[in-house]
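*Asks:* Shown below is the structure under consideration.
Taken together, the values in this text are just the output of simple stated rules run on the coordinates, not laboratory data. Note that the structure is predicted; figures quoted are calculated from it, not measured. Cβ sites come from the backbone with ideal geometry, for glycine too, and all protein chains shown count toward neighbours.
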Amino acid sequence: MKDAAAIARAEQVAREDLVMFVNACFSCTGQREFYNDARGQAVSIEFLHEYILGNYRRLYTRTLAAGINHFNQALILLNLLATGRQTPPGDRREEGALIAAALRALPPQRAFRVLELLRSRRINNRRARAIAREYVAGRPDPDFDAVKYRSKLRSAVVHAHLKLEGERGPFLFHGWRKRVYTRPLLEKFRQAHYAQEALFELPFTIAEGLARKHGIPRSVFLARIEPRLTQAERLRLQGAAERADGVEISLELGRAPLTKLALYALSLAPQARQERRAELHAALEQAVARTLRRAPVALGRVAAVLDNSFSSSGSSEKRRRPLGVALAAHYLLSAAAREYRAFWTTPIEDPLLGVARGQTDLATRLLDALEWGAELVIVVSDGYDNGPPNALVELTRVFRTKLDPERRTSIIHANPVFDSELFAPRGLGAAVPTVGVRDAEDLPTVLGFARFAEGAAPLSELEDYLAARVRRMLEEEA
């Protein structure tokens with residue numbers, strides 16, 4: 001009996017550890033939050049990674065397939081490559097395949113940063129070199145990489161002893177000024193150091209530095225480089241360009257990701273949002289449709305308790321992100337649910353025109369959602385319930401023990417903010433499972449993960465869940 005109880009307790013601890021880790025990997029980006037600084041975030045998440053890697057290596061590796069954010073994927077890749085000797089022989093094949101697939105799936109700037117960090121951390125084992133070689137060889141446009149990621153690519157090539165074909169080797173190592181190149185992009189880069197016209201045929205991030213070197217006015221540069229801007233660059237630059245430089249950069253809102261689009265809308269002045277309301281609303285609906293095609297989810301009668309208190313304004317590094325996630329979740333849930341109603345902590349008539357203000361009164365809004373008769377209540381909040389403090393904790397405790405012990409109504413807390421002191425997103429009491437999110441697009445994934453956060457599912461089910469995610473990721477990769 002004692003052995004059985006000890007095994008059960010060990011499994012419970014393992015499940016709780018892994019749930020905490022996955023939630024952290026959805027929400028933490030190592031950046032400053034409203035209540036926590038960046039240093040505390042970095043120390044907390046690095047400790048958590050070391051702890052899970054040391055105790056649950058196989059599940060730590062499989063977290064790469066769980067849909068976590070890019071910041072934590074990169075940390076996992078570095079830690080696995082640094083500790084390859086500790087991989088059990090039976091797990092080497094799967095671990096290597098996951099590392100390669102996850103690296104290819106990262107945005108190129110993050111993937112090259114991982115390869116660059118291998119050098120600074122002196123990680124140079126055989127597997128690390130093979131992963132770097134495979135990644136560089138598989139890139140679709142090597143000339144573009146040589147120009148845009150020049151220092152990172154050079155660092156990876158030197159560290160992993162890679163051989164480059166054609167003119168990329170001389171371009172990276174032998175002084176690109178010393179010769180004329182036959183490859184058009186490499187030659188344009190060389191010419192751009194001497195002729196202003198050539199820089200307007202380069203990628204924006206490369207041309208930007210050269211424009212400063214040539215003394216080209218910012219407004220002139222943005223106006224002429226606009227045709228070469230990517231969609232992400234247009235979304236990032238539009239508001240700043242209009243305010244600082246008087247330059248209007250065209251943007252195809254219908255192609256923007258859901259949460260980034262919500263953040264862009266919130267960055268606009270209230271009058272601009274009002275004038276462009278129909279355009280922004282249509283674009284958000286299109287983004288939701290694309291999200292649900294990639295990750296379909298069908299919900300019943302859903303209520304959303306959405307936090308638009310002052311703390312949802314975020315931090316200097318993550319401006320309005322909690323509010324942006326709430327707005328994007330509002331659009332996503334309204335499209336995925338059969339019946340839907342939103343309850344904002346500070347009531348607003350039009351979510352697109354909302355701002356972050358007031359205290360966080362989650363309890364009153366949850367009561368409204370329950371009175372409406374929701375089958376599923378999703379609370380999107382940073383977890384700081386202060387109007388009055390901790391009222392929601394007591395409310396949910398009474399609701400679960402006295403009014404709904406059969407759990408006919410599901411309540412899930414989706415938190416986009418990592419609390420460095422708790423090593424996890426801040427929860428709302430034992431009666432409500434908390435799942436971390438980075439973007440509203442994570443909701444279809446984390447809703448499936450919520451049963452593990454609730455504590456009802458055993459460790460074996462969590463292991464099966466992660467194994468299934470691994471199989472799906474590797475099959476898609478193949």
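*Asks:* Run the simple label-point estimate for residue 151 and residue 13 please: 7 Å along Cα→C-beta, distance reported in nm.
*Replies:* Taking the simple label geometry, residue 151 and residue 13 are separated by 4.5 nm.
*Asks:* Once phi is turned into ³J(HN,Hα) by the Karplus curve 6.51 cos²θ - 1.76 cosθ + 1.60 with θ = phi - 60°, what whole-Hz value does each residue of region 76-88 show in order, with x for glycine and proline?
*Replies:* Whole-Hz 3J(HN,Hα) from phi for region 76-88: 4, 4, 4, 5, 5, 5, 6, 10, x, 5, 7, 6, x.
*Asks:* If you restrict to DSSP beta bridges whose two residues both lie in the chain, what percentage is antiparallel, to the nearest 5?
*Replies:* Numbers: 3 of 23 bridges.
The antiparallel fraction comes to roughly 15 percent.
*Asks:* Around residue 411, which amide H atoms from residues at least 5 apart in sequence, or from another chain, sit under 5 Å from its own amide H, with H modelled in the peptide plane?
*Replies:* Long-range HN contacts for residue 411: 377.
*Asks:* Can you pull out the trypsin sites (Lys or Arg not before Pro) in region 293-382 that DSSP calls coil and that have at most 14 other Cβ atoms within 10 Å? Mind showing how you got there, number by number?
*Replies:* On the way: sites: 293, 294, 301, 318, 319, 320, 338, 341, 357, 365; in loops: 318, 320, 357.
Loop-located and lightly packed - 357.
*Asks:* If amide H atoms are built 1.01 Å from N in the plane of the peptide, which residues on other chains or at least 5 residues away come under 5 Å of the amide H of residue 340?
*Replies:* 302
*Asks:* Here is a further query. If you find the alpha carbon centre of region 416-478 and of region 303-324, how far apart are they in angstrom?
*Replies:* Each part's Cα centre sits 21 Å from the other's.
*Asks:* Next question, about the same structure. What's the magnitude of the charge dipole for the chain around its Cα centre, counting Lys and Arg as +1 and Asp and Glu as -1 at the beta-carbon? Answer in Debye, nearest 20. List each step's numbers first, then the result.
*Replies:* Working: 70 positive and 57 negative charges, 448 e Å.
Approximately 2160 debye in magnitude.
*Asks:* Could you check the simple spin-label distance between residue 282 and residue 402, using points 7 Å along Cα→Cβ, in nm with one decimal?
*Replies:* In this crude label model, residue 282 to residue 402 measures out at 5.1 nm.
*Asks:* Hey, if you put +1 on the Cβ of every Lys and Arg and -1 on every Asp and Glu Cβ in the chain, which of 474, 111, 326 ends up farthest toward the positive end of that dipole?
*Replies:* Projecting each Cα onto the dipole axis, the largest value belongs to 111.
*Asks:* Continuing with this model, one more query. What are the ³J(HN,Hα) couplings of region 458-465, residue after residue, when phi is run through the Karplus curve with 6.51, -1.76, 1.60 and θ = phi - 60°? Round to Hz, x for glycine and proline.
*Replies:* 3J(HN,Hα) across region 458-465, in whole Hz: x, 4, 4, 5, 5, 4, 5, 4.
*Asks:* Which one of 450, 396, 367 is farthest out on the positive end of the charge dipole of region 264-477, using unit charges on Cβ (Lys, Arg +1; Asp, Glu -1) and the Cα centre as origin?
*Replies:* 367
*Asks:* If I compute log10 I(q)/I(0) by the Debye sum over Cα atoms at q = 0.06, 0.08, 0.10, 0.11 Å⁻¹ from the structure I just sent, which labelled value in (1) -0.42, -0.67, -0.89, -0.99; (2) -0.26, -0.47, -0.74, -0.89; (3) -0.31, -0.55, -0.85, -1.01 lines up?
*Replies:* Computed from the coordinates, log10 I(q)/I(0) by the Debye sum over Cα atoms at q = 0.06, 0.08, 0.10, 0.11 Å⁻¹ corresponds to (3).
*Asks:* Once you sort the root eigenvalues of the Cα gyration tensor of region 348-478 as a ≥ b ≥ c, which label holds: rounded (a/c under 1.5), prolate (a/b larger than b/c) or oblate (the other case)?
*Replies:* prolate
*Asks:* Turning to a different aspect of this structure: Tell me which residues come under 5 Å, amide H to amide H, from residue 424 once H is placed; ignore anything under 5 positions away on its chain.
*Replies:* Those qualifying (amide H under 5 Å, at least 5 residues apart or on another chain) are 419.
*Asks:* Using 1/(1 + (r/R0)^6) with R0 = 45 angstrom and r between the beta carbons of residue 319 and residue 4, what's the FRET efficiency to the nearest 0.05?
*Replies:* Details: r = 52 Å, r/R0 = 1.15.
According to the calculation, E is roughly 0.30.
*Asks:* Kindly write out, for region 96-108 in residue order, the coupling ³J(HN,Hα) from the Karplus curve 6.51 cos²θ - 1.76 cosθ + 1.60 (θ = phi - 60°), rounded to whole Hz, with x marking Gly and Pro.
*Replies:* x, 5, 5, 4, 5, 5, 5, 5, 5, 7, 5, x, x
*Asks:* Shape verdict for region 1-149, please, from the Cα gyration tensor: rounded (a/c under 1.5), prolate (a/b greater than b/c) or oblate. Write down the numbers at each step before the final one.
*Replies:* Working: a/c = 2.40, a/b = 1.47, b/c = 1.63.
Note, shape of region 1-149 comes out oblate.
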